[in-house]
Each structure stands twice: as C-alpha cells, then as structure tokens.
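S.K.: Have a look at the structure that comes next, please.
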Amino acid sequence: ATPTSIMVGTGRAAELGVLFRKGEALQSLRDVQVVAMDKTGTLTEGRPELTDFEVHGIAPDEALSLIAAVESPSEHPIAAAIVAAARAKGLAPAAVAGFEAIPGFGARGQVQGREVAVGADRYMAKLGLDVASFAATAERLGQQGRTPLYAAIDGRLAAVIAVSDPVKPTTPSAIAALHAMGLKVAMITGDNRRTAEAIARTLGIDEVVAEVLPEGKVEAIARLKHKGRVAFVGDGINDAPALAAADVGIAIGTGTDIAIESADVVLMSGDLKGVPTAIGLSQAVIRNIK
Ligand code: ADP
Ligand code: MG
C-alpha cells in the first residue's frame, strides 16, 4: 500500500474507534486467517459476579469473610467479585498477613491467624488438596458457563465458589462478522475448560484453548500460527506476550497499559466489532491501491 492509502485507511479507522499504533498493521491484518481472543475482559465484560457459594464444615459468613479478606489486596477481577459479595452481606474484610498472588492459580494469606487459600482446582492440587468431593458441583457450574473456584482454610477444603462474567453485548455480532469474512475464531483463556467450552459453544467459537498458564498463551499463539496468520485480541497484563507474539496484536483500549503498549492496534471503546471493521478496512485499502 502507498503511504497515502495507509494514512487514509488509518484515519478512517480512527473515526471508527480503531487506533493503528503501527501503519504496517493495516497490511498484515489483511492476510489474517485466525482471530484468537482472550476470554475475560475481551469476550466478556471482565466484571464477574459471585453466583454460588457452598461450604463444608464452616459457617457461610465466616468462610466468606475469611476468603474476601485474603482476596482484598488482589487485583484479579475474581477477587473483586468475592470482595463485593462479602461487602453486600455487610461483612467487613479483616486484615491479611503474608498475602501472595499466584498468577494463573489463585491467592493466599493469613487472616486472623488462619491460613486461607483461594483459586482454581489446579491451585488446590498444588496445595495437595483433593477437590473430588466437589467435582459434581464444579461440573454443573462449568456447564452453566460459571467459573468454579475453591477455598482452603487451615489446609482443609472449605468452600466451592462460582463467579459468572457476562459476555459483552457486542461480542456475538463481532464473531458473526468474522465468520462471514471466512475467518476462524479461537478463544485462549486461563479459565476452567468446561466454563470456557460452555461460553465458546454459545458464541459459536471454533477452537478453545483453556486452562493455560499466563506464559502458555504465547505457546498457544505459536500453535495457531500453523493454521495461518493469527491476530490476537487481549486486555490483560497476562496478554502482553501473546499480543507481541501474534502476527497482529489487538488490545482493548480499556485494558491494561502493558497490553496496549504491546499491541499494533487498539480498540478504543473495547467493542470487538472493531476487529472485523479493521480487517475490512485493511482489505479495502489494499484493494484500492492495486
Ligand atoms: P484469565 O485472565 O485468562 O481468566 P488468569 O490466568 O488470570 O486467567 O486466571 C486463571 C484462573 O486462575 C482463574 O480462572 C481462577 O480460577 C484462578 N485465579 C487466579 N487468580 C485468582 C484469584 N485472585 N482468586 C481466585 N482465583 C484466581
Ligand atoms: Mg483478560
């Protein structure tokens, strides 16, 4: 493409809320065959809410206040959901000592002299706890598109929790537009496999890579690259390496600074319809100059 046609294309994109940080991206987007998307905060709002809370051998309010306390220093959206649920019940979070966030797994710390850990099943496995007694509940929650989580208090499995994160209203039409352009759509997420698959099914997503650790997203992109040129859309700190590894990195404008800095293209409003818009523009620009 000529410098002028790129300028016109990127100018038109900007009017539509799609910011090209690199002019070359307009050309590389044209040849994209697979659009991979992060789930939380990209396909979904990224503001989960607590939907289920089941305890074993402890009073519900006591468990919720201990778990919310340990989540209160965390920046994870799941932590915010748990803290909000405790606050809604009038439970003020107690102080935490020795707080630790374990990316892709969960969080832990001491509250009122008790050891509290909360996170995914793989985190409980890491702690040597068997979640089998909650397996049926977790399976049902996953099939409902909810994320099952577990909490251990003083080394004993004490609660199963679920959060649900609504799909953005613009996500289904963005995916339909990508499919209409003949593109494959994939989801890459650290979330539970059943949950991810349930959401992917409702959205008609072609391929799901679930339960990936933060460093596994780059590997997932590398594998998708065997199928063609890959664009990756993401919003989080975890997504920055994958945004850089993709042929075209597309960040959600309302996402983290590091994601935006790692991307070639930024969707200013966070509306995923910007993805088919940008690809459509790239094709139009290249066609015009031929
Ligand atoms: P993603 O952003 O793709 O959803 P993350 O790597 O942030 O993935 O998290 C993966 C999983 O790790 C979450 O779905 C959750 O089960 C668990 N997890 C991570 N941090 C926390 C936390 N602070 N509280 C509870 N669960 C957590
Ligand atoms: Mg995200």
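S.K.: Quick one: how many residues across the stretch 105-118 are touching a helix residue (DSSP H, G or I) at 6+ places or on another chain (Cβ under 9 Å) and either within 14 Å of ligand 1 (Cβ to nearest atom) or among the charged types (D, E, K, R) (or both)?
M.R.: Total meeting the criteria: 9.
S.K.: When you go through ALA220, ALA244 one by one, which is the residue that is buried (at least 17 other Cβ atoms within 10 Å of the Cβ) and within 16 Å of ligand 2 (Cβ to nearest atom)?
M.R.: None of the other options fit; the residue is ALA220.
Rundown of residues vs (1) away from ligand 2 (no atom under 16 Å from the Cβ); (2) small (Gly, Ala, Ser); (3) surrounded by 19 or more Cβ atoms within 10 Å (Cβ to Cβ), yes/no style:
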{"site": "GLY236", "(1), (2), (3)": "no, yes, yes"}
{"site": "VAL248", "(1), (2), (3)": "yes, no, yes"}
{"site": "ILE258", "(1), (2), (3)": "no, no, no"}
{"site": "GLU261", "(1), (2), (3)": "no, no, no"}
{"site": "LEU272", "(1), (2), (3)": "no, no, yes"}
{"site": "VAL275", "(1), (2), (3)": "no, no, yes"}
{"site": "ILE286", "(1), (2), (3)": "yes, no, no"}
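S.K.: I've got another one for you. Can you pull out every residue in the stretch 62-97 that is of a type in the set (D, E, K, R) and in a helix (DSSP H, G or I)?
M.R.: Of everything in the stretch 62-97, those that are of a type in the set (D, E, K, R) and in a helix (DSSP H, G or I) turn out to be GLU62, GLU71, ARG87.
S.K.: May I pose another question? Hey, LEU50 hits all of (1) within 16 Å of ligand 1 (Cβ to nearest atom); (2) assigned to a strand (DSSP E or B); (3) surrounded by fewer than 21 Cβ atoms within 10 Å (Cβ to Cβ) but one; which does it fall short on?
M.R.: LEU50 satisfies every listed condition except (3).
S.K.: Follow-up. Got a number for residues in the stretch 61-104 being farther than 13 Å from ILE161 by Cα, within 11 Å of ligand 1 (Cβ to nearest atom), modelled with pLDDT of 95 or more and out of contact with any strand residue (DSSP E or B) (no Cβ under 8 Å at 6 or more places or on another chain)?
M.R.: Going through the stretch 61-104 one residue at a time, the tally reaches 1.
S.K.: Which residues, taken from the stretch 26-47, are buried (at least 23 other Cβ atoms within 10 Å of the Cβ) and away from ligand 2 (no atom under 16 Å from the Cβ)?
M.R.: Listed by number, the residues that qualify are LEU26, LEU29, VAL32, VAL34.
S.K.: Just the residues that are closer than 14 Å to MET37 by Cα, of a type outside the set (D, E, K, R) and part of a loop (DSSP other than H, G, I, E, B), please, taken from the stretch 241-290.
M.R.: Correct list: ALA246, GLY255, ALA263, GLY270, LEU272.
S.K.: Does the stretch 170-184 contain at least one residue that is within 12 Å of ligand 1 (Cβ to nearest atom), at pLDDT 95 or above and surrounded by 17 or more Cβ atoms within 10 Å (Cβ to Cβ)?
M.R.: Checked against the condition, which is being within 12 Å of ligand 1 (Cβ to nearest atom), at pLDDT 95 or above and surrounded by 17 or more Cβ atoms within 10 Å (Cβ to Cβ), the stretch 170-184 yields no hits at all.
This table checks each residue for (1) outside the structural domain of GLY216 (by TED's automatic domain parsing); (2) over 30 Å from GLU207 (Cα atoms).
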| site | (1), (2) |
| --- | --- |
| LEU26 | no, no |
| MET37 | no, no |
| HIS56 | yes, yes |
| SER65 | yes, yes |
| VAL70 | yes, yes |
| PRO73 | yes, yes |
| ALA80 | yes, no |
| ALA85 | yes, yes |
| GLY90 | yes, yes |
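S.K.: Right, here's the next one. Take the stretch 201-216 and flag every residue that is within 15 Å of ARG146 (Cα to Cα) and within 15 Å of ligand 2 (Cβ to nearest atom).
M.R.: ALA210, GLU211
S.K.: Given (1) surrounded by fewer than 16 Cβ atoms within 10 Å (Cβ to Cβ); (2) touching a Leu at 6+ places or on another chain (Cβ under 6 Å), where does ARG156 come up short, assuming only one miss?
M.R.: The one condition ARG156 does not meet is (2).
S.K.: Something else: Hey, any hits in the stretch 228-235 for a residue that's in the same structural domain as GLN283 (by TED's automatic domain parsing), touching a residue at least 12 places away in the same chain (Cβ under 8 Å) and either under 30 Å from ALA135 (Cβ atoms) or among the aromatic types (Phe, Trp, Tyr) (or both)?
M.R.: Checked against the condition, which is being in the same structural domain as GLN283 (by TED's automatic domain parsing), touching a residue at least 12 places away in the same chain (Cβ under 8 Å) and either under 30 Å from ALA135 (Cβ atoms) or among the aromatic types (Phe, Trp, Tyr) (or both), the stretch 228-235 yields at least one hit.
S.K.: Now, a different point. How many residues does the stretch 221-240 hold that are under 14 Å from the mean Cα position of the chain (by Cα) and in a helix (DSSP H, G or I)? So that I can check it myself, show each step before the final result.
M.R.: In the first step, residues of the stretch 221-240 are kept if they are under 14 Å from the mean Cα position of the chain (by Cα); the result is 232-240.
Next, only the ones that are in a helix (DSSP H, G or I) stay: 237-240.
Count: 4.
S.K.: Separate question: Specify the residue that is surrounded by the fewest Cβ atoms within 10 Å (Cβ to Cβ); the eligible residues are those in the stretch 225-234 that are within 21 Å of THR171 (Cα to Cα) and more than 15 Å from ligand 1 (Cβ to nearest atom).
M.R.: VAL230
S.K.: Here is a list: ARG140, ARG146. Which entry is more than 16 Å from ligand 2 (Cβ to nearest atom) and surrounded by 23 or more Cβ atoms within 10 Å (Cβ to Cβ)? Don't jump to the end; show me each part of the working.
M.R.: Working: ARG140 fails: surrounded by 23 or more Cβ atoms within 10 Å (Cβ to Cβ).
After ruling out the rest, the residue left standing is ARG146.
The values are calculated or read from the model by the stated rules, or taken from the named source; none is laboratory data. Note that this is a predicted model, so its numbers are computed, not measured. Methodologically, a virtual Cβ is constructed for each residue, glycine included, from the backbone with ideal geometry; neighbour enumeration extends over all protein chains shown.
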